[in-house]
1. Pairs please, first residue from the stretch 497-511 and without any contact (Cβ under 8 Å) to a residue 60 or more places away in the chain, second anywhere and crowded, with 20+ Cβ neighbours inside 10 Å and not polar (S, T, N, Q), Cβ atoms under 6 Å, 6+ apart in sequence or on different chains.
2. In the stretch 518-530, which residues are under 19 Å from S339 (Cα atoms) and not acidic (D, E)?
3. Any chance the stretch 806-814 includes a residue that's out of contact with any Gly (no Cβ under 9 Å at 6 or more places or on another chain) and hydroxyl-bearing (S, T, Y)?
4. So which residues in the stretch 356-378 are buried (at least 23 other Cβ atoms within 10 Å of the Cβ), without any contact (Cβ under 8 Å) to a residue 60 or more places away in the chain and not in a helix (DSSP H, G or I), if there are any at all?
5. Within the stretch 307-330, does at least one residue satisfy the condition of being buried (at least 24 other Cβ atoms within 10 Å of the Cβ) and either modelled with pLDDT of 95 or more or of a type in the set (G, A, S) (or both)?
6. Across the stretch 261-272, which residue is surrounded by the fewest Cβ atoms within 10 Å (Cβ to Cβ) among those that are in contact (Cβ under 8 Å) with a residue 60 or more places away in the chain and out of contact with any Phe, Trp or Tyr (no Cβ under 8 Å at 6 or more places or on another chain)?
7. Checking P744 against (1) farther than 30 Å from C349 by Cβ; (2) part of a helix (DSSP H, G or I), which test does it fail?
8. Is at least one residue of the stretch 221-236 assigned to a loop (DSSP other than H, G, I, E, B), over 30 Å from Q166 (Cβ atoms), modelled with pLDDT under 95 and not hydrophobic (A, V, I, L, M, F, W, C)?
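The values are calculated or read from the model by the stated rules, or taken from the named source; none is laboratory data. Values in this document were obtained by computation on a predicted structure and should not be read as measured data. FYI the Cβ positions are ideal-geometry reconstructions off the backbone, even for glycines, and counts take in every protein chain you see.
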Amino acid sequence: MPSTRNTSTSTEEAGSVKKQTRSSQRIRNTVSKPAYNEAIDIIEDESSEVSRGGKRKERSVASAAKTSKRSKPSLEETPSPKSNNDEAVLHDRSESESKTSPKILKNKREAAVVDGGDDGETMFIGEPVADEEARRRWPKRYQGKGAKRVVTKSSKDGSDSEEVIQARRHYTQAKVDGCLIYNLYDDAHVKAEEGEDNYICKIVEMFEAVDGDLYFTAQWFYRARDTVLKKLGHLIDKKRVFFSEIQDDNPLDCLVEKLNIVKVSLNVDSEVKKKEIPSCDYYCDMLYKLEYSSFTNLPPEEKTNVSEEASSTISEDNLDNVVGANNNHEEASLLDLYSGCGAMSTGLCLGANMAGLKLVTRWAVDINKYACESLQWNHPETTVRNEPAEDFLALLKEWERLCASFSLSKSENLEKQSFNSYDNEDDNNNEVEVEVEDEDEDGNGGSDGEVFEVEKFLAICYGDPKEKGERQLHFKVRWKNYGPEEDTWEPLEGLGDCQECLKEFVTAGFNSKILPLPGDVDVICGGPPCQGISGFNRFRNKDNPLQDEKNKQLQVFMDIVEYLKPKFVLMENVVDIVKFSEGFLGRYALSQLLHLNYQVRMGMMAAGAYGLPQFRMRAFFWGARPNEKLPQYPLPTHDLIVRGVIPLEFEMNTVAWSEGQKPELEKKLLLEDAISDLPPVGNYENQDAMDYGNDPKTEFQQFIRLSRDDMPGSSSAKSGKHLLYDHRPLQLNTDDYQRVCRIPKRKGANFRDLPGVLVKADNKVEWDPNVERVYLESGKPLVPDYAMTFVGGTSCKPFARLWWDETVPTVVTRAEPHNQAILHPEQDRVLTIRENARLQGFPDYYKLFGPVKERYIQVGNAVAVPVSRALGYALGLAYQGVVSSDEPLMKLPPRFPNPVEKTSSGSSQDNS
């Protein structure tokens, strides 16, 4: 029975601004009243008497709120207690915490001051809002029938509530300190604690409470440093603030001064924006929401102060019939950076196609040549480049200049680059002088200049293919009267006489889009490696991770996004990106996308929640241009067993069902569901392809065996049945194989079951003094010393067997059994490449290339295909504008991706 995560309530006092909790941020009222606002309790509060007349008292919102647990907008989180039950539906705490209301700011006064009085007084001026209109615009203020405060329900199920100050009357104008006039909907500074910058708000309500106190309701603006960006807020323009839906009530005399905050369009280049912004105190171009650290387009003006409140973060759009609904399939292009063998782009394309968007991976880039071979074989339609991402970026810039030099394209980017035309009509003889090393008569190396004629250019790259220590633009040349074996890479500077060949190559490449120009790419996805944050790196730079060379690919990824300006961005990474150094790199990624004027949000998704027998939590960052819909996160479809640790500070970024909801989830998948149909193989198996030999036993196996053309969302031209690929294990050496053969074939078996190992009461192992140590034929011990000392002798992982009713924490890149549970339940070997691929959701038709160890690496580094498929579905809907809601979460269609409808088709070489 799945359990839910318990919510936690912060015990931090609101007087400490710097200790603001995530809970306290979520308890502010949002823009509008709940659709299910129902009075359920009345509170008579006679606390704290405060003088109300005269000049402003030196007080702040925080100091006035010592009992409220609320201060300025910030993003500190307080973790919830860890559940003792690790079997759980992923549930989100946001809904319950966002609706839990604390005591409201209290400023008790002796008598109401409205229109008149001494010059130094704080008062409302002008006529009050007509009673009928006030009750229509602010109905929650008129429920108590004389009560000072009313507790109201704020959700459908009544589980959440808020405490609402009741009003006697509303006003549209106020005077503070006897001189400052504020109107309803003015922007203003609000007094903060001493030494802190004043807070920034829009005044969305002015009212006299039943007890005579004078209040205004503040709808808050966030400075960048007060958002999830925290200490990286300095990367954002200081005058740029972010509007929010968070509101709360404050004493009227906390207002400090009026502000001029200009609303500007997000869909403007940053440099242009700076020039166009008029004189102002601040400017605002985005809405900030705590849920999933979302920065989105500002709502239309008429929706800024609506009196209705969403009670959920989940989109209610009916998507049950969306799958395959768009037969005309709008087409979009995808660039997969750090692609590996292509798991993320494969899943994205499958999911997007199911949503009616024909998403095609046009380009892919990775530094691992074997991964590139795998991707190319499985996606022949893709231009796959085996090169570093920074060289790819340099190549794109040179390519743009080449295209412009032959009048094939125009780009604003060229205005920012030094431009030299490659076109020289006087040089058309295609002859170049090339140094060729030959041996002289004495056998010594000699070098003579020889003239060769270029027949055509075959390829282009930026780098150092000739390994001469100079990185520059090169072309692969086919020489006239020479065959392919004589093709060479030559620098552009040595090909100045080959303008005709150069023009032919660039023109053909431009027409076929061998490389993308700015505006050609609709979607960029990628997982830039950040090895500098790995726990295996003992020299991690915690103060500034960006200074670590191993983390620079994150900057390169953002540079490519900035250059190509895609409509959508999806970045994936390990959860350490939001754990290491207080989430420095995760915050940096968000700040860079914001700097580039992308709408953004960040969520963490567990692979097991989408139908796999592994937990595998990963962080995903969405980005969308201002004129696009920001894609949502698809909610879990399966129950799962929670493994590992979710970063506490970003726990609310976990993509999960809200607490209190009871979704109908598919049952959790176990190891048996995924691999029990695969034929037995031994430690020395060396076949790369074989027959299945039997039928699938589970629905998962039936689905994973589907042929390429039967796979839901597939647009491949390939068809027909396929063999079982890559079902071979890493061959263990003789010593390890003999050790594995001695491990019992039962649940929980590991090296502790070998003779000579004694387990103490504290779960640590030691040598059994009564058993003589056993040695292998090689003379090495049966139980190696490293197994006894691993994790201080407390670990059960060395030479551990998995079992059929278990899951794995995460598929890794290495298959050695020395420090992880990776042995097959009933066969004396480690899991095969294909078994690992099954745990990652790779279709069986997906063939891998390279040495066995390299194939394990490709699988271990991949994004789980069911996760990327679900994200692709959300992307497809957003791209087409199908989803009307701005909520961060969405429900996938029932039984997504509908395997039942496909099982009647031939899937593979069943029973061959």
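1. Close Cβ pairs satisfying both conditions: F505/F457.
2. The initial filter retains those residues of the stretch 518-530 that are under 19 Å from S339 (Cα atoms), namely 520-530.
Within the stretch 518-530, V521, V523, I524, C525, G526, G527, P528, P529, C530 qualify.
3. no
4. Of everything in the stretch 356-378, those that are buried (at least 23 other Cβ atoms within 10 Å of the Cβ), without any contact (Cβ under 8 Å) to a residue 60 or more places away in the chain and not in a helix (DSSP H, G or I) turn out to be T361, A364, V365, D366.
5. no
6. This residue is S270.
7. For P744, the exception is condition (2).
8. no
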